[in-house]
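Chemist: Can you keep this structure in mind? I'll have questions shortly.
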Amino acid sequence: MAMGRFLERLGRVYLGVVLAFLYVPILVMAVMSFNQSEFYQLPIRFTTGWYEKLWNNSEILNAAWSSVWIACTTTVIATTLGTAAAIAFFRYEFRGKVILQALLFPPIAIPWLITGTAMLIFFFSIGLGRGAPAVIIGHVALALPYVIVVVTARLRTFDPQLEEAARSLGASSWEVTRSVTLPWIASGIIAGALFAFAVSFDQFVVSYFLAEPGDSTLPVVIYTAIRKGFTPEINAISTIIIVISMSLMLLAARYANFGGER
Amino acid sequence: MAGVRVANINKHFGAMKALDDVSLDFADGEFFGLLGPSGSGKTTLLRVIAGFLFADSGSVVIGDQPVERVPVEKREIGMVFQNYALFPNMSIADNVGFGLRVRKQSRAEIARNVAQALELVQLGHLGERRPHQLSGGQRQRVALARAIVTQPRVLLLDEPLSALDKALRVDMQIELKRIQREVGITTIFVTHDQEEALTLSDRIGILKDGRLVQTGTPHDMYHAPVNEFAAGFLGEANIFKGAVGASAMTLADGSTIRWADHQQDARPPGAIAVRPESVIVSAKRPDEHPHMNCLKASIRQKIFAGPTVTYLLEWQDQPIKILAKEGEMKDIPDAGDVWINWPAEKSIAIPAG
Amino acid sequence: MSSTLARRDGLRAATMISPAYIWLTVAVFLPLAAMLFFSFLSEAPFGDREWFVTAANYMEFFEKGFYLKLLVRSLTLGLVVTGFCILIGFPCAFVLAKTIKGRWREALFLLVILPFWSNSLVRIFSWAIVLRGNGVIDSVLDLILPFEVSVNLMFSYPAIVIGLVHSYLPYVILTSYLALQAIDDNLIDAARSMGAPRRMILWRIIIPLALPGLIAGAVLIFVPVVGSFMEPRILGGRSGTFFGTVIEDQFVAVFNWPLGAALSFILLGVVLLILAVSSPVLRRAQ
């Protein structure tokens with residue numbers, strides 16, 4: 001829409017202010033992780049000491065390792081189950097399909113506080129209790145809807161006649177999936193997997209209720225540390241986390257390509 | 001290779017009856033065109049034969065094998081889809097070789113058969129390309145090569161030429177016919193284009209509202225349609241109705257038209273159809289002749305289309321269409337009253353009811 | 001004849017779909033049912049503690065003004081945060097969708113929604129670093145201003161609002177952007193050709209057409225904010241008691257799970273009510 005030049009410029013300035021609001025705190029946090037002062041005093045004197053300290057902090061290292069392997073396990077399970085469900089939704093017509101698709105909404109829409117506490121109650125009731133298995137069960141459930149949604153979006157660009165053509169040439173259901181469907185939706189699956197990894201890796205609330213005290217994921221350890229008091233060491237690990245999760249999302253956006261062709 | 005027989009096929013989509021007791025025999029090696037307007041059930045019938053749809057009742061037999069319980073991938077059919085459905089992630093050679101790989105042929109065998117199939121469709125040099133690098137006509141040929149390389153028992157074509165532009169379509173019709181003859185495979189194809197059906201088919205079946213209206217050779221279908229729909233759908237027809245006597249029909253304006261005796265069925269016809277190209281226009285009233293039909297009509301429009309000229313006329317408030325070769329009818333005014341006439345043997349008697 | 005083949009397809013569909021849904025059942029739907037059951041217990045039924053079925057937990061909510069007051073406080077917080085997000089986010093989405101073109105638009109859009117997909121805990125922590133007394137704000141103001149000032153927003157209601165707005169702002173920008181982008185520019189040009197002034201175009205064309213997206217964004221912000229507990233804990237300190245933090249306390253500090261379950265369920269009821277009321281709009285926004 002054609003607008004006055006002045007208004008247009010004002011709009012750009014405004015956009016800049018909003019971006020500053022979104023990014024400045026993160027930058028400040030990152031900069032402070034390179035500051036020598038334990039009490040965040042200015043001016044900044046550069047050091048990488050806090051990162052070196054991280055390397056010797058066994059609690060953080062353990063938590064980082066837990067976060068990574070839990071996220072990897074979650075990614076594999078959620079991507080496999082989610083992709084299979086998305087393909088079936090695409091391929092078959094059956095009664096109750098709409099209801100099943102609507103059921104994907106609650107895990108995303110209900111506040112994680114509610115889901116997390118409900119999981120805690122249920123897992124204790126069935127004797128599973130807290131710990132990595134409980135955390136993984138929870139993370140997969142939260143990641144599944146995202147995988148299904150992303151893969152389904154990619155499948156919308158897929159011509160169902162390709163599957164029919166493969167079947168008419170004698171390919172079994174599995175051969176059709178392997179040689180025609182999966183290659184086409186590969187980028188969607190990769191994007192879905194990255195989302196799943198991010199959901200798990202960044203997940204705090206559900207991990208907080210389900211992780212075993214003393215053997216937790218990174219966000220839980222950071223939360224506990226923050227409540228005891230801030231140290232630049234937290235800045236350091238937080239900076240690492242934000243760099244990882246933003247890179248993952250940039251990668252996911254590239255693969256998801258928001259519906260474009262590859 | 002084998003013939004195909006469908007018997008008493010019924011198929012509903014919800015409340016809509018897509019196929020209503022359809023029975024048809026497709027002879028071994030025959031090129032059969034299923035023709036009908038959209039929604040007539042022609043594609044549904046093709047998909048029932050392919051196995052993508054399952055009929056509510058009725059039987060499908062390919063060769064001697066009843067296939068109602070056989071899934072698509074075990075039916076040994078070849079199919080060409082409307083938009084070709086070439087696998088975008090594979091080269092042309094891999095596309096054509098897909099069915100052979102599924103059948104676990106050796107690499108050498110696959111290479112040989114693929115090369116042969118591509119040679120047949122005259123694309124031997126394009127094996128390494130990707131589908132998106134090919135033109136529409138080339139993709140069409142690849143789709144055909146892919147469908148026949150597995151030596152299926154029957155070849156099914158779903159509106160195979162509809163995505164091509166007109167000039168290319170005519171070339172491909174000739175090409176398709178050549179390949180079908182060379183391979184000798186039973187071929188069933190669906191089209192809504194009557195000209196395409198006439199050009200390609202050994203036999204045609206016309207469907208309407210899920211029912212089979214008529215089957216026959218293009219020649220028979222064109223010259224002896226069983227009802228007004230068949231007459232109008234396969235080619236164009238001017239239809240006349242009136243009081244039917246022993247060998248003549250008296251029209252509303254009192255004039256009579258006749259039809260040739262040999263066409264006459266036991267029952268008197270319900271209507272007379274005349275093809276546009278059978279009618280001659282003349283400025284003066286021709287001499288009375290017992291075997292010529294003659295009506296007075298007025299010219300509304302003349303459409304020049306190069307080799308042919310179409311005259312749109314009006315007789316008794318009924319539009320009449322006449323097709324003539326350019327230069328054939330001279331001295332015809334651009335407007336005003338003229339005489340239209342045609343020999344009695346060009347009258348098509350359409351059975352009543 | 002067709003039924004055997006149809007059944008085979010049905011079986012395939014079931015084997016592909018059921019693992020995902022069994023998982024969701026075990027991890028989400030059964031737990032919610034278990035929580036409903038727990039909310040009617042007098043004690044958590046672990047060990048050899050005596051327990052019986054009672055509505056006392058719900059009675060406590062309705063009889064003690066404390067919990068009700070906190071729920072209202074959380075709902076108010078939700079409204080305030082949602083309001084700020086819309087006020088800040090909608091114009092931002094408008095600038096992005098209607099005045100910036102091509103690659104720049106894609107890049108800026110990605111930049112705006114990127115934080116939403118990064119770690120929320122870390123982003124809240126970053127605000128703690130910025131807002132704390134003797135922190136960055138003070139130092140910057142000291143540099144600019146000739147006199148000493150001390151701004152300490154940390155551990156206050158505004159701090160919580162700022163942190164939550166920062167967390168959820170990308171959401172409203174995302175949904176508004178998608179809605180605005182779907183509006184055909186020709187409509188706006190047509191209105192202009194008929195002589196409509198800018199303000200009229202905004203209120204009579206753009207906002208009505210973008211409203212479903214705007215409402216969807218608002219609901220998707222409001223619901224998690226009402227259930228937030230980590231943000232008030234970190235940024236609110238002593239003024240950070242909300243309905244969410246009380247639920248958290250029941251599970252990790254007080255260990256009164258049945259009461260926590262009841263409170264969680266009341267919150268769930270409120271959330272479902274909001275989702276149900278807005279579901280026609282949410283569906284339209286899809």
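Chemist: Just for the stretch C:75-89: of the residues that are surrounded by fewer than 23 Cβ atoms within 10 Å (Cβ to Cβ) and either closer than 23 Å to C:E60 by Cα or of a type in the set (A, V, I, L, M, F, W, C) (or both), which one is nearest to the other protein chains (Cβ to nearest Cβ)?
Modeler: Within the stretch C:75-89, the match that is nearest to the other protein chains (Cβ to nearest Cβ) is C:I88.
Chemist: Could you tell me which numbered condition B:G39 fails, if it satisfies all but one of (1) modelled with pLDDT of 90 or more; (2) touching an Asp or Glu at 6+ places or on another chain (Cβ under 8 Å)?
Modeler: (1)
Chemist: Now a separate question. So if I check each of C:T82, C:T99, which one is over 30 Å from C:V246 (Cα atoms) and either in contact with a strand residue (DSSP E or B) (Cβ under 7 Å, 6 or more places away or on another chain) or among the polar types (S, T, N, Q) (or both)?
Modeler: Result: C:T99 is the single residue among C:T82, C:T99 that is over 30 Å from C:V246 (Cα atoms) and either in contact with a strand residue (DSSP E or B) (Cβ under 7 Å, 6 or more places away or on another chain) or among the polar types (S, T, N, Q) (or both).
Chemist: Collect the residues in the stretch A:198-230 that are away from chain C (no Cβ under 11 Å) and touching a residue at least 60 places away in the same chain (Cβ under 8 Å), keeping them in residue-number order.
Modeler: Correct list: A:S200, A:A211, A:E212, A:D215, A:S216.
Chemist: Still on this structure, please answer the following. Any idea which of A:I77, A:I114, A:I26, A:I121 is facing chain C (nearest Cβ under 7 Å), farther than 22 Å from A:G229 by Cβ, under 24 Å from the mean Cα position of the chain (by Cα) and modelled with pLDDT of 90 or more?
Modeler: That would be A:I114, the only listed residue that is facing chain C (nearest Cβ under 7 Å), farther than 22 Å from A:G229 by Cβ, under 24 Å from the mean Cα position of the chain (by Cα) and modelled with pLDDT of 90 or more.
Chemist: Just one of C:V252, C:V225 is crowded, with 20+ Cβ neighbours inside 10 Å and at the interface with chain A (Cβ under 10 Å from one of its Cβ atoms); which is it?
Modeler: Only one candidate passes the filter, namely C:V225.
Chemist: I need the full set of residues from the stretch C:179-211 which are in contact (Cβ under 8 Å) with a residue 60 or more places away in the chain and not hydrophobic (A, V, I, L, M, F, W, C), in order please.
Modeler: C:Q181, C:D185
Chemist: Of the residues that make up the stretch B:31-52, is at least one among the small types (G, A, S), assigned to a strand (DSSP E or B) and out of contact with any Phe, Trp or Tyr (no Cβ under 8 Å at 6 or more places or on another chain)?
Modeler: no
Chemist: In addition: Quick check on the stretch B:313-328: of everything there that is part of a strand (DSSP E or B) and of a type in the set (D, E, K, R), which residue is nearest to B:R275 (Cα to Cα)?
Modeler: The selected residue is B:K321.
Chemist: Let me ask something else. Need a quick list: strands (runs of 3 or more DSSP E) entirely within the stretch B:121-230 having at least 3 residues that are in contact with a helix residue (DSSP H, G or I) (Cβ under 7 Å, 6 or more places away or on another chain).
Modeler: Per the criteria, B:154-158, B:186-191, B:203-208.
Chemist: Of the numbered conditions (1) surrounded by fewer than 19 Cβ atoms within 10 Å (Cβ to Cβ); (2) modelled with pLDDT under 90, C:G269 satisfies every one except a single condition; which is it?
Modeler: The one condition C:G269 does not meet is (2).
Chemist: Next up: For the stretch C:28-52, enumerate the residues that are modelled with pLDDT under 80 and in contact with a strand residue (DSSP E or B) (Cβ under 7 Å, 6 or more places away or on another chain).
Modeler: Once the filter is applied, which keeps residues that are modelled with pLDDT under 80 and in contact with a strand residue (DSSP E or B) (Cβ under 7 Å, 6 or more places away or on another chain), the stretch C:28-52 yields only C:W51.
Chemist: Sticking with this one: Among all residue pairs at least 6 apart or on different chains, which show Cβ distances below 9 Å where the first residue, located in the stretch A:34-58, is within 13 Å of chain C (Cβ to nearest Cβ) and hydroxyl-bearing (S, T, Y) and the second is in a loop (DSSP other than H, G, I, E, B) and surrounded by 13 or more Cβ atoms within 10 Å (Cβ to Cβ)?
Modeler: Close Cβ pairs satisfying both conditions: A:S37/A:I44; A:Y40/A:F230; A:Y40/C:R132; A:Y40/C:N134; A:Y40/C:G135.
Chemist: Assess whether B:V72 counts as being β-branched (V, I, T), more than 14 Å from chain A (Cβ to nearest Cβ), within 15 Å of B:R47 (Cα to Cα) and buried (at least 20 other Cβ atoms within 10 Å of the Cβ).
Modeler: It is false that B:V72 is β-branched (V, I, T), more than 14 Å from chain A (Cβ to nearest Cβ), within 15 Å of B:R47 (Cα to Cα) and buried (at least 20 other Cβ atoms within 10 Å of the Cβ).
Chemist: Output the residues belonging to the stretch B:42-69 that are surrounded by fewer than 16 Cβ atoms within 10 Å (Cβ to Cβ) and either modelled with pLDDT of 95 or more or of a type in the set (S, T, Y) (or both).
Modeler: Matches in the stretch B:42-69: B:S57, B:S59.
Chemist: Okay, moving on. Name the residues in the stretch B:315-350 that are surrounded by 14 or more Cβ atoms within 10 Å (Cβ to Cβ) and acidic (D, E), would you?
Modeler: If the condition is that a residue be surrounded by 14 or more Cβ atoms within 10 Å (Cβ to Cβ) and acidic (D, E), then B:E345 is the only one that fits.
Chemist: Test A:F105 against the stated conditions and say whether it is at pLDDT 90 or above, within 11 Å of chain C (Cβ to nearest Cβ) and farther than 18 Å from A:S245 by Cα.
Modeler: no
Chemist: Show the residue pairs meeting these rules: Cβ distance below 7 Å; 6+ apart or different chains; first residue within the stretch A:59-84 and farther than 14 Å from A:A193 by Cβ; second residue of a type outside the set (D, E) and not in a helix (DSSP H, G or I).
Modeler: As it stands, the answer is A:A63/A:S216; A:A63/A:T217; A:S66/A:S216; A:S66/A:T217; A:S67/A:T217; A:I70/A:T217, since those pairs meet every condition given.
Chemist: I need the full set of residues from the stretch C:1-18 which are part of a helix (DSSP H, G or I), at the interface with another protein chain (Cβ under 7 Å from one of its Cβ atoms) and either closer than 14 Å to A:A143 by Cα or modelled with pLDDT under 85 (or both), in order please.
Modeler: C:S2, C:T4, C:L5, C:A6, C:D9, C:G10
Chemist: While we're on this one: Only one of these conditions is not met by B:G58: (1) in a strand (DSSP E or B); (2) touching an Asp or Glu at 6+ places or on another chain (Cβ under 6 Å). Which number is it?
Modeler: (2)
Chemist: Across the stretch B:43-64, what is the number of residues that are on the phi > 0 side of the Ramachandran plot and either more than 12 Å from every other protein chain (Cβ to nearest Cβ) or of a type in the set (D, E, K, R) (or both)?
Modeler: Residues flagged as on the phi > 0 side of the Ramachandran plot and either more than 12 Å from every other protein chain (Cβ to nearest Cβ) or of a type in the set (D, E, K, R) (or both) within the stretch B:43-64 amount to 1.
Chemist: All but one of (1) buried (at least 19 other Cβ atoms within 10 Å of the Cβ); (2) among the polar types (S, T, N, Q); (3) closer than 30 Å to B:D94 by Cα hold for A:Q161, so report the exception by its number.
Modeler: It fails just one condition, (1).
Chemist: How many residues does the stretch A:231-262 contain that are within 10 Å of another protein chain (Cβ to nearest Cβ), surrounded by fewer than 16 Cβ atoms within 10 Å (Cβ to Cβ), modelled with pLDDT under 90 and under 26 Å from C:R132 (Cα atoms)?
Modeler: Within the stretch A:231-262, residues that are within 10 Å of another protein chain (Cβ to nearest Cβ), surrounded by fewer than 16 Cβ atoms within 10 Å (Cβ to Cβ), modelled with pLDDT under 90 and under 26 Å from C:R132 (Cα atoms) number 0.
Chemist: Follow-up. Suppose we filter the stretch C:232-249 for residues that are farther than 17 Å from C:K69 by Cα, touching a residue at least 24 places away in the same chain (Cβ under 8 Å) and buried (at least 19 other Cβ atoms within 10 Å of the Cβ); how many remain?
Modeler: 3
Chemist: Being farther than 23 Å from A:P213 by Cβ, at pLDDT below 85 and more than 10 Å from chain A (Cβ to nearest Cβ) is true for just one of C:S279, C:S193. Which residue is that?
Modeler: C:S193
Chemist: Which of (1) at the interface with chain A (Cβ under 8 Å from one of its Cβ atoms); (2) touching a strand residue (DSSP E or B) at 6+ places or on another chain (Cβ under 8 Å); (3) not charged (D, E, K, R) does B:F87 not meet, given it meets every other one?
Modeler: So B:F87 meets the others, but not (2).
Chemist: Follow-up. Consider C:S176 against the criteria (1) touching a Gly at 6+ places or on another chain (Cβ under 9 Å); (2) without any contact (Cβ under 8 Å) to a residue 40 or more places away in the chain: it satisfies all of them except one. Which criterion is unmet?
Modeler: Answer for C:S176: the failing condition is (2).
Chemist: Another question about this same structure. Taking helices (runs of 4 or more DSSP H) that fall entirely within the stretch C:36-118, which contain at least 3 residues that are over 30 Å from A:M246 (Cα atoms) and not polar (S, T, N, Q)?
Modeler: In the stretch C:36-118, C:56-63, C:65-98 are the helices (runs of 4 or more DSSP H) which contain 3 or more residues that are over 30 Å from A:M246 (Cα atoms) and not polar (S, T, N, Q).
The values are calculated or read from the model by the stated rules, or taken from the named source; none is laboratory data. Everything numeric in this text was worked out from a predicted model, so none of it was measured. Glycine gets a Cβ as well: all are built from the backbone with ideal geometry, and neighbour counts include every protein chain shown.
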